[in-house]
Amino acid sequence: MKRGADKEVSGGVEFVGADIVHLDKNTFMWVQLTHFAISLAESDEVLLASLIASPAYAHDYASPCPSHPQPFDTAIHGRWNLSAIAVDRFVPRPSADAIAQLKHWANDQDWTDPDYRQPQEVLKRLDSVFDLMRSGAVYQLDNPSDDDMHEYGFVTGEMGFHEFVVINHPAQALHVIVASDD
């Protein structure tokens, strides 16, 4: 399979880009989307293994992520040491359940104002995330334990760290969706 003039995806994943959806100001909550092209012939398990091995997967989520990978510490992913993340930690999840979990996370926190909910325009921005979650097979990362947290892993995820991988074989795309806070 060819991508562009001379890029070929074979046996894995190729970083394409990233973007972020910020939730309401002062909540410090966000959803980071990282996009990959995939080889159509590979199984989901091989694609997940290739993802974990990709330098673009090594992101602490405490640092900004522009539209291209940075030289992050390749031994870290999210709150944890990368060595704590393996293919078998990704659990298949119905997209409706994953979407419900993100909606719950976005609104049902221990807010100072118990009646607070994300504004409608913020929830509208999440529609594109939900569309991605409906586009293929969804896998949720079973978060490693705090024993596997790296030295500054506590910086993110006070209100939760939710990671989903969506594999869309027909579109030859894989999306990492991380919902958290800092």
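Since every read-out is calculated from the coordinates, none of them should be taken as a lab result. What you are looking at is a predicted structure, and each value in this text was computed from that prediction instead of being measured. Cβ placement follows ideal geometry from the backbone for every residue including glycine, while neighbour counts extend to all protein chains displayed.
Quick one: which residues, 5 or more positions from His169 or on another chain, have an amide H under 5 Å from its amide H? H modelled 1.01 Å from N in the peptide plane, none for Pro or chain starts.
When sequence neighbours closer than 5 places are left aside, the close amide H contacts are Ala137.
Between Asp146 and Trp111, what is the FRET efficiency for a Förster distance of 25 Å, r being their Cβ-Cβ separation, to the nearest 0.05?
Values: r = 24 Å, r/R0 = 0.97.
Once rounded, the FRET efficiency stands at 0.55.
Which residues in the range 106-148 have a backbone N closer than 20 Å to a point placed 7 Å from the Cα of Ala86 along the Cα-to-Cβ line?
Answer for this model: 139-148.
Ranked highest first by the average count of other Cβ atoms within 10 Å around their residues, in what order do 33-40, 81-88 fall? List each step's numbers first, then the result.
On the way: 33-40: 20.0, 81-88: 15.5.
By packing density, highest mean first, the sequence is 33-40, 81-88.
Sorted by packing (mean other beta-carbon atoms within 10 Å per residue), highest first, where do 94-107, 41-54, 117-130 land?
Working: 94-107: 15.7, 41-54: 17.5, 117-130: 13.9.
With the highest mean Cβ count within 10 Å placed first, the list reads 41-54, 94-107, 117-130.
Tell me the label-point distance for the pair Asp97, Trp30, using the 7 Å Cα-to-Cβ offset, in nm and rounded to one decimal.
Each label point is offset 7 Å from its Cα along the Cβ direction, giving 2.9 nm.
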